[in-house]
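Since the structure comes first, as structure tokens, the remarks are kept for the end.
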Amino acid sequence: MPDDVTFREAMTTVLRETLAADDEAFLLGEDVGVYGGAFGVSRGLVEEFGPERVLDTPLSEAGFTGLAIGAAVMGMRPIVEIQFSDFITHCMDQLVNQAAKLRYMFGGAASVPLVLRTPGGAGTGAAAQHSQSLEAWFVHVPGLRVVMPSTPADAQGLFRAAMADPNPVLFYEHKLLYNTKGSLPDQPETYEIGRARCTREGGDVTLVAAGLMHNYALEAAETLAGQNIDAEVINLLSLAPMDSDRVCESVRKTGRLVVVEEDVRTGGWGGELVTRVTEGPAFYALDRAPARVACADTPIPYNKRLEASIRPSPERIVEAVTQVLANDPGRYV
Amino acid sequence: MATRNKTSASTAASTLSDLSAERQLALLEQMQLIRAFDEKVDKLYAKGAMHGTAHFCVGQEACAVGTLCHRHDGDVITGTHRGHGHAIAFGLDPYRMAAELLGKATGYCGGKGGSMHIADVQAGMLGANGIVGGSMGIACGAAFAFKQRAQDHVAVCFFGDGAVQEGIFNETLNLASVWQLPVLFVCENNHYAMSLSAEKATAGGSIANRAASYGMPAEAVDGMDLEAVYTAGARLMNGCRGAGPALIETITYRYLGHSKSDANRYRTREEIAEWRANDPIERYIRTLTERGLLDDERSQALVEAAADQVEQAFGRAERDPEPELSSALEDVYA
């Protein structure tokens, strides 16, 4: 199988596969048709499946997300694209009060098999309203699943899992991933939502991340290896449900934990993960206090140097690990 | 998306008098059942025998009954927080509704929904909704499914005059119209969004006109007159079938407060009395009497039968079991 597939190509392929396999699946969002999606993910699909399966919506996130929820309740398989994850604010009622709640408040009688794809994250110089990482908001809402792929293989494996899931799934794609390349497995794989994967084994420190940050963590691990520090890297893949058991297992081996997330530090999902590790028996396996690498508590600035200064980077991860190992509390990043 | 030509609505407006005597009486029974249900719930709250909140549609019965009597098998509805009438007019069982209001395991939602979330998704009742305007997109989604599957069903979307000021009203009317989705939007303009009068909230005055500006057939009708709602319902709901959206603005009134905690400080007793004098049930009784289909005795018997059915529903529901505590953690993830 090809080993130089871009994340974008992997997404397009899995969308095509989904639309071809299920007549009840449809893609809708702003500019997903002839334009091919703001990030080019749906390029060619409207030509192939027609405008009744790949629907250009008016600018109305609440309206078309609500429509997707209704269609999902009726048994269809909508795939919603919210052009930038920041625009999700327009459809918060639909996601939080409707999609996440219908099943529960109807006593299990309804199911909302909706997949909402959205490009998130900073690093593109697009400033405060086009760069946010809002995924932690949805981790806080029972009834929603939140997944974040890191590689082309993850994108396909997680997307198949999301489509097979009877729950609403938020599918976060980091904008900086679209042009990254990777290999695909020989046989199509469907991931299990809520199952983290160890992507690098090591004995000195556990690095946990998801999405693009996972790739940064792997990069950091390579640098650390050059300093004789052997980092284990766990790719969470799914933030809700969150596989904290897998993280605890790793911490029992390494005794040290560094969580990397791109959302702002305060109220981020990293705080939840650290709590889960420290409130359980894995606490006693820790040799050092855990650390978090996250965005500063600020909107994302436009200036590229300012932007880079507040975002996690492989260098900042290396620095955090070094400080954890040096046991120097108060200087953690 | 390819647009479908709208099928022309039947030119012969169907009227209630075209229906069989039995069917005409059944509509009265339904309105009385709705009223008896809400009046019973109001009493239970006043006694402290029920918790949470509830919103009553006493006075608005003709809106749901007059539109939903045109429904065909396979049609669906979405309701509002003031939704007991929608559910009953759609055919839901007052006993299971009562059980839900009492939080019982036998309720439509197993006691996890309550008054504002009654649903019977299997039957096509896609839920009352606690968020104003919250179900408008859902109704469009059901209509979208009908269109994609080439089914001639209609999604009936109830909402109040308050929802008209929410962004989702604009978004869904526009979407339904540009995509020609078979949704019948039924606005129950009961004149108040909690305490704010529609007069102070609705620029331009007419809700039906707003809908017309989206290019869909729209009519304002006297919501206190079952006959008028029925006639508009026949025309507009048939127009939706296999075609695009339409809107009915039913001009109606809620006799009771917004919810059980409402002291009604924003309107006068005289105003309420004036509307009560135009009561949709009384008015329809007069029509049926004039048609020789009803006399005082029969009329009284129907009122008593409705009250009795509601008493029995609540009596049975009260004896039903509470949900298992473990069910609180069920149905979060399928």
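Could you list, ordered by first residue, the pairs with Cβ atoms under 8 Å in which the first is in segment A:132-154 and over 29 Å from residue A:4 (Cα atoms) and hydroxyl-bearing (Ser, Thr, Tyr) and the second is open to solvent by less than 40 Å² (accessible area, probe 1.4 Å) and not in a loop (DSSP other than H, G, I, E, B), at least 6 apart or interchain?
Cβ pairs passing all conditions: none.
Of all residues in segment A:105-118, which are buried (at least 22 other Cβ atoms within 10 Å of the Cβ) and at the interface with another protein chain (Cβ under 7 Å from one of its Cβ atoms)?
Within segment A:105-118, A:105, A:106, A:107, A:110 qualify.
For segment A:44-100, how many residues meet the condition of being within 9 Å of another protein chain (Cβ to nearest Cβ), in contact with a Phe, Trp or Tyr (Cβ under 9 Å, 6 or more places away or on another chain) and of a type in the set (D, E, K, R)?
Selection size over segment A:44-100: 4.
Being within 13 Å of chain B (Cβ to nearest Cβ) and open to solvent by 10 Å² or more (accessible area, probe 1.4 Å) is the filter; apply it to segment A:19-29 and report the residue that is nearest to residue B:214 (Cα to Cα).
A:24
Among the residues of segment B:107-120, write down those that are in a loop (DSSP other than H, G, I, E, B), out of contact with any Pro (no Cβ under 6 Å at 6 or more places or on another chain), of a type in the set (Gly, Ala, Ser) and more than 7 Å from every other protein chain (Cβ to nearest Cβ). Quick ask: steps written out before the conclusion?
Step one: list which residues in segment B:107-120 are in a loop (DSSP other than H, G, I, E, B), which gives B:107-114, B:118-119.
Now restrict to residues that are out of contact with any Pro (no Cβ under 6 Å at 6 or more places or on another chain): B:107-109, B:112-114, B:118-119.
If we keep only those that are of a type in the set (Gly, Ala, Ser) too, we end up with B:107, B:113-114, B:119.
Passing the criteria: B:107, B:114.
For segment A:182-193, check the following and say yes or no: at least one residue is surrounded by fewer than 19 Cβ atoms within 10 Å (Cβ to Cβ), farther than 29 Å from residue A:73 by Cα and of a type in the set (Ser, Thr, Tyr).
First, the residues of segment A:182-193 that are surrounded by fewer than 19 Cβ atoms within 10 Å (Cβ to Cβ): A:183, A:185-190, A:192.
Next, from what is left, pick out any that are farther than 29 Å from residue A:73 by Cα: A:183, A:185-187.
Cutting the leftovers down to of a type in the set (Ser, Thr, Tyr) gives us A:183.
Yes, there is a match, as at least one residue in segment A:182-193 is surrounded by fewer than 19 Cβ atoms within 10 Å (Cβ to Cβ), farther than 29 Å from residue A:73 by Cα and of a type in the set (Ser, Thr, Tyr).
Could you check segment A:266-303 and list, in sequence order, the residues that are part of a helix (DSSP H, G or I), of a type outside the set (Val, Ile, Thr) and under 21 Å from residue A:211 (Cα atoms)? Walk me through it before giving the result.
Our first condition is that a residue be part of a helix (DSSP H, G or I); within segment A:266-303, this holds for A:269-278, A:281-285.
Pick out the ones that are also of a type outside the set (Val, Ile, Thr) and you get A:269-273, A:276, A:281-285.
Within segment A:266-303, A:269, A:270, A:271, A:272, A:273, A:276 qualify.
Contact list please: Cβ distance under 6 Å, first residue in segment B:318-334 and of a type in the set (Val, Ile, Thr), second residue open to solvent by less than 80 Å² (accessible area, probe 1.4 Å), pairs at least six apart or on different chains.
Correct list of pairs: B:332/A:104; B:332/A:143.
Tell me which of these residue B:104 doesn't satisfy, since it passes every other one: (1) more than 8 Å from every other protein chain (Cβ to nearest Cβ); (2) charged (D, E, K, R); (3) not in a loop (DSSP other than H, G, I, E, B).
(3)
Is it the case, given these coordinates, that residue A:14 is among the aliphatic types (A, V, I, L, M) and open to solvent by 40 Å² or more (accessible area, probe 1.4 Å)?
Working: among the aliphatic types (A, V, I, L, M): yes; open to solvent by 40 Å² or more (accessible area, probe 1.4 Å): no.
No, not satisfied.
Tell me, which strands (runs of 3 or more DSSP E) wholly within segment B:151-226 include 3 or more residues that are surrounded by fewer than 24 Cβ atoms within 10 Å (Cβ to Cβ) and not basic (Lys, Arg)?
Values: elements: B:155-160, B:183-189, B:218-222.
Answer list for segment B:151-226: B:218-222.
Tell me whether segment B:61-83 contains one or more residues that are more than 14 Å from every other protein chain (Cβ to nearest Cβ), among the hydrophobic types (A, V, I, L, M, F, W, C) and in contact with a His (Cβ under 6 Å, 6 or more places away or on another chain). Break it down stepwise before answering.
Residues of segment B:61-83 more than 14 Å from every other protein chain (Cβ to nearest Cβ): B:61-73, B:82.
Still in the list and also among the hydrophobic types (A, V, I, L, M, F, W, C): B:62-65, B:68-69.
Filter once more, keeping what is in contact with a His (Cβ under 6 Å, 6 or more places away or on another chain): B:64.
Checking segment B:61-83: at least one residue is more than 14 Å from every other protein chain (Cβ to nearest Cβ), among the hydrophobic types (A, V, I, L, M, F, W, C) and in contact with a His (Cβ under 6 Å, 6 or more places away or on another chain).
Each row is one residue, and each column tells you yes or no for (1) modelled with pLDDT of 95 or more; (2) of a type in the set (Asp, Glu); (3) crowded, with 24+ Cβ neighbours inside 10 Å; (4) part of a loop (DSSP other than H, G, I, E, B).
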{"position": "B:59", "(1), (2), (3), (4)": "yes, no, yes, yes"}
{"position": "B:66", "(1), (2), (3), (4)": "yes, no, yes, no"}
{"position": "B:72", "(1), (2), (3), (4)": "yes, no, no, yes"}
{"position": "B:77", "(1), (2), (3), (4)": "yes, no, yes, no"}
{"position": "B:100", "(1), (2), (3), (4)": "yes, yes, yes, no"}
{"position": "B:122", "(1), (2), (3), (4)": "yes, no, no, no"}
{"position": "B:127", "(1), (2), (3), (4)": "yes, no, yes, yes"}
{"position": "B:138", "(1), (2), (3), (4)": "yes, no, yes, no"}
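The values are calculated or read from the model by the stated rules, or taken from the named source; none is laboratory data. Quick caveat, the model's predicted, so the values are computed rather than measured. Here Cβ is always computed from backbone atoms with ideal geometry, including for glycine, and neighbour counts include all displayed protein chains. Each accessible area value is taken on the protein alone, full model and side chains, heavy atoms only, with ligands, DNA and RNA left out. Shrake-Rupley method; radii C 1.70, N 1.55, O 1.52, S 1.80 Å.
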